[in-house]
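Please read the structure below before turning to the comments.
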Amino acid sequence: MKPARFDYYSPSSRDEALELLGQYGDDAKILAGGQSLMPMMNMRLVRPKVVIDINRIAGLSHITPRRDGGLAVGAMTRQRELERSALVLETAPLLSLAIPYIGHFQIRNRGTVGGSLAHSDPAAEIPAVCLTLDTEFELASSGGERTVKAEDFFLNHLTTALEPVELLTEIRIPQTVGNWRWGFQEVCRRDGDFALVGAATMLHLDDKGICLEARITTFGAGGTPMRMDAAEEYLSGSSVNADDRSEAARLVSDALDPISDIHASAKYRQDVGGVMVRRALEQALLAQALPFNEGEDAA
Amino acid sequence: MTTERNIRLTVNGKAYESLVPVRMTLVDFLRGELDLTGTHVGCEHGVCGACTILVDGSATRSCLMLAVQADGANLMTVEGLADGPELHPLQRAFQRNHALQCGFCTPGLLMTAYEFLRDTSNPTEEQVREGISGNICRCTGYAPIVQAILDVSQEAG
Ligand SMILES: Cc1cc2nc3c(=O)[nH]c(=O)nc-3n(C[C@H](O)[C@H](O)[C@H](O)COP(=O)(O)OP(=O)(O)OC[C@H]3O[C@@H](n4cnc5c(N)ncnc54)[C@H](O)[C@@H]3O)c2cc1C
Ligand code: FES
Ligand code: FES
């Protein structure tokens, strides 16, 4: 038997799960898609005393439009469902662009949006996208609910604002109004691997093509995904021409202070982080380069 | 204490009921308890794809699921592909194209290809390569596997 001994609960309601979490706290682990937790348990890198399986709770898996025009996504929504959702493509195409980069389709069949956020691997795609989209998270405990902004959620390597007694229940993606463009780029050794480094960008353009707001996030280049403030400020008010894009890439490389590991050196991540931003900006400007837009035209 | 649980599930159309330790993975249950050893187990952390089976129709790593989580589920393993002595078109295409040597990766690749072809009609070679990118084969160099899957899609379409 691979995992160490544990007690197993499969609550059928959210309240029951929150009660168990309140009771066991630090000794318990939530089991969502299992695509990160199970490998760690099989290798005995984690040995929870209690496993709380939330797969049988109704009402944690949904993709619903919100009254304010945004989107609410249940924490247990499988990554594969997001990948296939027309609603996500319409409201938050950045997410549709990023999801296919997660592992392989068999992993996405099971892996959940909430699991990816709670696990918070520094090279993971969903946390980077949520930070770029200015997403909010609903966290629940038996004491009540609170809402945390993405910028306050990711604290450090595999560490989030979630307390041991809290369950991530929903993510809320605000609506974007006007002419927004999207870009997502990452580099990895083999298809499906975690990114060595990557970038997500959103550009809000006026009708003359001047940038009203730029959002730039890098991931895999620090303990958490990071918004690149200097480059964002530099681009707003510009026409995001080739020189602007190169300067933004330079500002990003300057701002990064990544680590070296067996996968890549710090210098590589720093340089290529800038290149990923430049390419993501190019991709955002050339909307026709987005495969999903092509699909829509054809339909 | 909940260290054992009774589960009921369907595997390849047949109903089973069993008392399982909660920490037993689904792949160990299939192989060790149900004697369905067609599903292989390699890395046990989701990377190699050898243990891929269909859980309620979706290709899933059975090393990353607990057996208790399959309570009530409908599973299909490689043993469910053939119809008696009659091989499934995918199995015939693998045989014809020499898409296996040691055969270790084959069950996982067949189940992956099963879902892939169900969801993707007339795939390009590029799409097939992407589709099987989560399954590692140390023998064939992949080219015959890609060819076998393309063969079946052409037969079907
Ligand atoms: C071969 C392979 C390749 C992969 N490649 C990538 C990749 O390229 N990019 C990527 O981002 N990921 C990758 N993953 C990981 C995958 O995306 C996981 O699905 C994800 O990291 C965790 O989601 P999960 O639903 O499987 O969560 P689980 O593994 O079930 O849980 C992960 C952690 O989050 C906690 N948790 C889960 N849900 C909640 C919740 N609602 N509230 C509070 N805590 C919760 C758990 O307790 C656990 O600590 C890969 C995995 C594998 C096996
Ligand atoms: S044994 Fe399950 S993926 Fe390798
Ligand atoms: S045939 Fe030997 S691993 Fe694929």
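The values are calculated or read from the model by the stated rules, or taken from the named source; none is laboratory data. Remember, predicted model here, so these are calculated numbers, not experimental data. Don't worry about glycine lacking a Cβ; one is built from the backbone with ideal geometry, like all the others, and counts go over all protein chains shown. We work out accessible area using only protein heavy atoms, side chains counted, and drop any ligands, DNA or RNA first. Shrake-Rupley method; radii C 1.70, N 1.55, O 1.52, S 1.80 Å.
Table: residues versus (1) away from ligand 3 (no atom under 16 Å from the Cβ); (2) closer than 19 Å to A:GLY220 by Cα; (3) within 14 Å of chain B (Cβ to nearest Cβ).
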site: A:PHE105; (1), (2), (3): yes, no, yes
site: A:ARG110; (1), (2), (3): yes, no, yes
site: A:GLY115; (1), (2), (3): yes, yes, yes
site: A:ASP121; (1), (2), (3): yes, yes, yes
site: A:CYS130; (1), (2), (3): yes, yes, no
site: A:SER142; (1), (2), (3): yes, no, no
site: A:PRO164; (1), (2), (3): yes, no, no
site: A:LEU167; (1), (2), (3): yes, no, no
site: A:ILE171; (1), (2), (3): yes, no, no
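Just for segment A:148-162: of the residues that are in contact with a Phe, Trp or Tyr (Cβ under 9 Å, 6 or more places away or on another chain) and in contact (Cβ under 8 Å) with a residue 40 or more places away in the chain, which one is most open to solvent (accessible area, probe 1.4 Å)? Selected residue: A:LEU162.
I'd like to check which strands (runs of 3 or more DSSP E) are fully inside segment A:1-92 and have at least 2 residues that are more than 15 Å from B:ARG23 (Cβ to Cβ) and either in the same structural domain as A:THR112 (by TED's automatic domain parsing) or more than 13 Å from ligand 1 (Cβ to nearest atom) (or both).
Qualifying strands (runs of 3 or more DSSP E): A:63-65, A:71-74.
Scoring B:LEU109 on the criteria (1) in contact with a strand residue (DSSP E or B) (Cβ under 9 Å, 6 or more places away or on another chain); (2) farther than 30 Å from A:ARG56 by Cβ; (3) open to solvent by 10 Å² or more (accessible area, probe 1.4 Å) leaves a single failure, condition (3).
When B:ILE132 is tested against (1) within 16 Å of ligand 2 (Cβ to nearest atom); (2) within 14 Å of chain A (Cβ to nearest Cβ); (3) more than 19 Å from A:ARG80 (Cα to Cα), exactly one condition is not met: (3). Scan (1) open to solvent by 40 Å² or more (accessible area, probe 1.4 Å); (2) touching a residue at least 12 places away in the same chain (Cβ under 8 Å) for the single condition A:GLY220 breaks and write down its number. Every condition holds for A:GLY220 apart from (1). When segment B:96-109 is limited to residues that are away from chain A (no Cβ under 13 Å) and closer than 10 Å to B:ILE145 by Cα, the one that is nearest to ligand 3 (Cβ to nearest atom) turns out to be B:LEU100.
Of the residues making up segment A:130-147, those that are open to solvent by less than 30 Å² (accessible area, probe 1.4 Å) and not in a strand (DSSP E or B) are A:CYS130, A:LEU131, A:THR132, A:LEU133, A:THR135. Only one of the numbered conditions (1) surrounded by 21 or more Cβ atoms within 10 Å (Cβ to Cβ); (2) more than 8 Å from chain B (Cβ to nearest Cβ) is violated by A:SER10, and that is (2). If you filter segment A:53-89 down to residues that are of a type in the set (Ser, Thr, Tyr) and touching a Ser or Thr at 6+ places or on another chain (Cβ under 8 Å), you find that the one that is farthest from A:ILE30 (Cα to Cα) is A:SER85. Of (1) surrounded by 18 or more Cβ atoms within 10 Å (Cβ to Cβ); (2) touching a residue at least 12 places away in the same chain (Cβ under 8 Å), B:GLN101 satisfies all except one. Which? Only one criterion in (1) surrounded by 18 or more Cβ atoms within 10 Å (Cβ to Cβ); (2) touching a residue at least 12 places away in the same chain (Cβ under 8 Å) is unmet by B:GLN101, namely (1). A single entry from A:VAL197, A:VAL129, A:VAL165 fulfils the requirement of being touching a residue at least 40 places away in the same chain (Cβ under 8 Å) and over 30 Å from A:ASP53 (Cβ atoms): A:VAL197.
Please work out if B:TYR142 is of a type in the set (Phe, Trp, Tyr), surrounded by fewer than 19 Cβ atoms within 10 Å (Cβ to Cβ) and within 13 Å of another protein chain (Cβ to nearest Cβ).
Criteria met by B:TYR142.
Name, by its number, the condition in (1) modelled with pLDDT under 95; (2) part of a helix (DSSP H, G or I) that does not hold for A:HIS263. Unmet for A:HIS263, out of (1) modelled with pLDDT under 95; (2) part of a helix (DSSP H, G or I): (2).
Scanning segment B:30-84 for residues that are more than 14 Å from chain A (Cβ to nearest Cβ), surrounded by 17 or more Cβ atoms within 10 Å (Cβ to Cβ) and out of contact with any Leu (no Cβ under 9 Å at 6 or more places or on another chain) gives B:LEU34, B:HIS40. Among the residues making up segment B:68-124, those that are within 16 Å of ligand 1 (Cβ to nearest atom) and small (Gly, Ala, Ser) are B:ALA70, B:GLY108. The sole residue among B:THR10, B:THR52, B:THR77, B:THR25 that is touching a residue at least 24 places away in the same chain (Cβ under 8 Å), polar (S, T, N, Q) and within 16 Å of ligand 3 (Cβ to nearest atom) is B:THR52.
Of the numbered criteria (1) without any contact (Cβ under 8 Å) to a residue 24 or more places away in the chain; (2) more than 7 Å from chain A (Cβ to nearest Cβ); (3) more than 14 Å from ligand 1 (Cβ to nearest atom), the one B:VAL20 fails is (1). Restricting the first member to segment A:34-48 and to residues that are under 18 Å from B:LEU26 (Cα atoms), and the second to residues that are open to solvent by 40 Å² or more (accessible area, probe 1.4 Å) and outside any loop (DSSP other than H, G, I, E, B), the beta-carbon pairs closer than 7 Å and six or more apart or on different chains are A:SER36/A:HIS119; A:LEU37/A:LYS29.
Considered as a group, the residues in segment A:17-68 that are among the small types (Gly, Ala, Ser) and in contact with a helix residue (DSSP H, G or I) (Cβ under 8 Å, 6 or more places away or on another chain) include one that is nearest to the other protein chains (Cβ to nearest Cβ), and that residue is A:GLY34.
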